[in-house]
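The values are calculated or read from the model by the stated rules, or taken from the named source; none is laboratory data. A quick note: this is a predicted structure, and the numbers were derived from the prediction, not measured. We place every Cβ from the backbone using ideal geometry, glycine too, and count neighbours over all the protein chains shown. What goes into the accessible areas is simple: the full protein's heavy atoms, side chains included, and nothing from ligands, DNA or RNA. Shrake-Rupley method; radii C 1.70, N 1.55, O 1.52, S 1.80 Å.
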Amino acid sequence: VIVSEAADTEKPVITLSGANPLYIEQGGVYTEPGYSATDNKDGNITANVQITGNIDVNVPGTYYKYYNVADAAGNQAEQKTRTVIVSEAADTEKPEITLLGDNPYILQQGTTYTEPGAIAIDNKDGDITNKIVITGSVDTETMGDYTITYTVTDVAGNTQTATRTVRITSVNSIETVNKSTVKYYISSGNLTLYGVPIREIKLYDLSGRLFKTEQAGGNDQLTVSNLSKSMYIVNIILSDGRLETLKIIVK
């Protein structure tokens, strides 16, 4: 009597290790968490497991890894599937605020401050200028420096701030300017400053638009021969940091 071994009809078993689903942040690295396969006849057949499925860690989405194995008798194990979810990278970048107009913004005492505005761009949300919150106030009747603060927050909660200094200065009348210090009636050529320790000279029109800036040195001259006949504002920044403001007439 010949007793033959019963046919092997039992399927191998695949066991997945690690998380399932497995989460990866965009740009990260997929590392196989592991798996094992055993068979009632063949024992440990982990080395025979075939894995298919691709993952692009740079593109957010849901991906799948498939695990299959067969024993020596040809019994196919039940396929195991691992879900891999690539999530969008956390947004930690602050928006950028660009101030429009001058900073510092210099105004003569008694004039009106008109907000020049700002724009805000975010790496994810795009143009978020409409989310800018502007705080601070300016008393144009009182000389001094005032701070205007611009704050914007993107959808991810990243906040950026920027500040503008608004400087209110006095304006000396033409009649009270010390003639031994400033030659203020000009027909052509240069505005020449005598005996004053000057660091910088800035020339504005009456609307506050900056025409030019000169670093003082040598003869401390500000060329005005190319300007139209009009009245202008000159801000003179002295070497000790004080600011002197006067009107000039180009004739």
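Residues ALA47, ALA7: which one is in contact (Cβ under 8 Å) with a residue 40 or more places away in the chain and open to solvent by 70 Å² or more (accessible area, probe 1.4 Å)? Among ALA47, ALA7, only ALA7 is in contact (Cβ under 8 Å) with a residue 40 or more places away in the chain and open to solvent by 70 Å² or more (accessible area, probe 1.4 Å). Considered as a group, the residues in region 11-70 that are small (Gly, Ala, Ser) and part of a loop (DSSP other than H, G, I, E, B) include one that is nearest to ALA89 (Cα to Cα), and that residue is GLY27. Contact map, region 121-132: first residue in a loop (DSSP other than H, G, I, E, B), second residue open to solvent by 60 Å² or more (accessible area, probe 1.4 Å), Cβ cut-off under 6 Å, separation 6 or more or different chains; pairs are ASN123/GLU93; ASP125/VAL155. Scanning region 56-79 turns up no residue that is closer than 30 Å to THR163 by Cβ and without any contact (Cβ under 8 Å) to a residue 12 or more places away in the chain. Cβ-Cβ contacts under 7 Å between residues 6 or more apart (or on different chains), taken from a first residue in region 92-104 that is closer than 20 Å to ASN123 by Cα to a second residue that is open to solvent by 60 Å² or more (accessible area, probe 1.4 Å) and polar (S, T, N, Q), are listed as GLU93/ASN123.
Starting from residues that are surrounded by fewer than 17 Cβ atoms within 10 Å (Cβ to Cβ) and either modelled with pLDDT under 95 or of a type outside the set (Asp, Glu) (or both), keep the ones in region 56-67 and report whichever is farthest from the chain's Cα centre (by Cα). Taking the candidates together, the pick is TYR66. Of everything in region 103-123 that is open to solvent by 30 Å² or more (accessible area, probe 1.4 Å) and under 14 Å from GLN160 (Cα atoms), the residue that is modelled with the lowest pLDDT is ASN123.
Considering only residues that are under 20 Å from PRO104 (Cβ atoms), open to solvent by 60 Å² or more (accessible area, probe 1.4 Å) and in contact with an Asp or Glu (Cβ under 6 Å, 6 or more places away or on another chain), which ones fall in region 147-167? Selection gives ARG167 alone.
Out of all the residues in region 70-90, which are small (Gly, Ala, Ser), closer than 20 Å to VAL13 by Cβ and exposed (fewer than 12 other Cβ atoms within 10 Å of the Cβ)? I'd like the intermediate steps shown before the answer.
Let us first name the residues in region 70-90 that are small (Gly, Ala, Ser), namely 70, 72-74, 77, 87, 89-90.
Next, from what is left, pick out any that are closer than 20 Å to VAL13 by Cβ: 70, 72-74, 77.
Within region 70-90, GLY74 is the sole residue that qualifies.
Scanning region 71-113 for residues that are in a loop (DSSP other than H, G, I, E, B), of a type in the set (A, V, I, L, M) and under 30 Å from GLY144 (Cα atoms) yields a single hit, LEU100.
Determine whether region 138-146 contains at least one residue that is modelled with pLDDT under 65 and open to solvent by 30 Å² or more (accessible area, probe 1.4 Å).
Scanning region 138-146, I find no residue that is modelled with pLDDT under 65 and open to solvent by 30 Å² or more (accessible area, probe 1.4 Å), so the answer is no.
For region 124-137, a residue qualifies if it is over 13 Å from the mean Cα position of the chain (by Cα) and open to solvent by 40 Å² or more (accessible area, probe 1.4 Å), and the qualifying residues are ASN130, LYS131, VAL133, ILE134, THR135, GLY136, SER137.
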